1. Has region 76-87 got any residue that is closer than 26 Å to Val38 by Cβ, at pLDDT 95 or above and part of a strand (DSSP E or B)?
2. Under the condition of being among the small types (Gly, Ala, Ser), at pLDDT 90 or above and surrounded by 14 or more Cβ atoms within 10 Å (Cβ to Cβ), which residue from region 244-297 is farthest from His232 (Cα to Cα)?
3. Condition check: closer than 29 Å to Phe362 by Cα and touching a Gly at 6+ places or on another chain (Cβ under 8 Å). Does Ser112 satisfy that?
4. If I filter region 107-120 for residues that are surrounded by fewer than 16 Cβ atoms within 10 Å (Cβ to Cβ) and in a strand (DSSP E or B), do I get at least one hit?
5. Name the residue, out of Val38, Val45, Val28, that is over 25 Å from the mean Cα position of the chain (by Cα) and either crowded, with 17+ Cβ neighbours inside 10 Å or within 27 Å of His90 (Cα to Cα) (or both).
6. Counting only residues that are farther than 17 Å from Val185 by Cα, of a type in the set (Val, Ile, Thr) and outside any helix (DSSP H, G or I), how many does region 204-237 have?
7. Return the residues of region 129-161 that are more than 16 Å from Arg351 (Cα to Cα) and part of a loop (DSSP other than H, G, I, E, B); say none if nothing qualifies.
8. Just to check your reading of the model, which residue among Ser50, Ser60 is in contact with a Leu (Cβ under 7 Å, 6 or more places away or on another chain) and either modelled with pLDDT under 95 or aliphatic (A, V, I, L, M) (or both)?
Amino acid sequence: MIADVPASEWEQQLEELFLQIGHRFSRVEPRRRMRDYVRGLLGPVGRKNSWQLAEFAGHSTPDGLQHLLAKSRWEADDIRDDLQKYVAEHLGADDGVLIIDDTGFVKKGTTSAGVQRQYSGTAGRTENCQIGVFAAYATTRGHALVDRELYLPKSWTDDAERCRAARIPGQRCFATKNDLARTMVLRAITSPLPVAWVAADAAYGQDSRFRRFLEDAGLFYVVAVPKSQQVHGPRIDHLIGQAPAEAWQRLSCGDGAKGPRIYDWAAARLPAVWEFDGDEPTRQRWMLARRSITKPDELAYFLAAAPLQVTLADLVRIAGCRWKIEECFQSAKNECGLDQYEVRRYTGWHRHITLAMLAHAFLAVTAARAREKGEPNGTHPTSWTSHRPRFAVCWQLPTDILLHEATTR
């Protein structure tokens, strides 16, 4: 990603980033080691562990870099805050999307903080692993990881001695992944990041408390839900099954590795809930479905809360943003060693992960500087209600269908 940037320009931009975070290190030695560590994460190092990073930096042993992760006096959360400011400055936009997801880090043994046999979406099965919950930030300018929390299962938080051995803070109690997600959302909206939307997969989207939390925080969202999700009583897959053929529209939800991701989409506006919305709602709730063109039996489902004048294209775009965090995971692991650490303690995990996120954000900003910036276009929504509705929703239809309906009645 950085190969097309002149070396002198690349160095200057990296030095500017180092200057922004250098004050977080009170001594010159850890400051220099931090620079060497990040340069190694960005460099052509085969496996980005302390030994190979030290060799790349010209150190005779990895002791200095290991000391940086384990014993130096600096706060990874301070670097995270600087990272969010950096991303806001270079990638920020008023319609920014915060994306929540988790990823697994396969590990051997039982001593690494938070490790146990648990399901990893990364591996697609139950593995001995650590799970990190992450937030990514995405706009039309680019996307990058901006926050992280290590998930600690009850097998850890219920074992005080085990937590002490892994240097887990005494005040760190059990928190679900959704609890960690809420914490990161709250941090994001008090940070310099301009956040308007939240996207998440079904593990988070199916939680009604999480959705309500987002609304209370003044955020819009498009979140995936399982097909069994109840929507004012009925299951969402049953409701989507009632959609008229004309409701399905073929739209792209963003570009992937092989070009535009094109699916058939159906969306319906949901009734307002007086207890939450009062007499003058300021947002509109929706349900959406995404259907594969080549495999029509493959559907995905979403719930959304959006501005009153949102378009279907807007909802589809936000739904498509959820994949950007997967792109972040892939590039951060492949290019910045996000998963190549050899630390076991809680502090060391957060320090390595934060510096890897910093390196990844630098790449994202470098790429954003190299390409043209554009703004998405949209139109005002139009809608049509079925003559024999079995559920009080308003299906979203293309304009030409609406005109035909209006002139033939």
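The values are calculated or read from the model by the stated rules, or taken from the named source; none is laboratory data. What you are looking at is a predicted structure, and each value in this text was computed from that prediction instead of being measured. With ideal geometry, Cβ positions are generated from the backbone for all residues, glycine too; neighbour counts draw on all protein chains shown.
1. no
2. Here the answer is Ala247.
3. No, not satisfied.
4. Among the residues of region 107-120, at least one is surrounded by fewer than 16 Cβ atoms within 10 Å (Cβ to Cβ) and in a strand (DSSP E or B), which makes the answer yes.
5. Every option except Val45 fails the conditions.
6. Here the count works out to 2.
7. Answer for region 129-161, where residues must be more than 16 Å from Arg351 (Cα to Cα) and part of a loop (DSSP other than H, G, I, E, B): Thr140, Arg141, Leu152, Pro153, Asp158, Asp159.
8. Sole residue among the options that is in contact with a Leu (Cβ under 7 Å, 6 or more places away or on another chain) and either modelled with pLDDT under 95 or aliphatic (A, V, I, L, M) (or both): Ser50.
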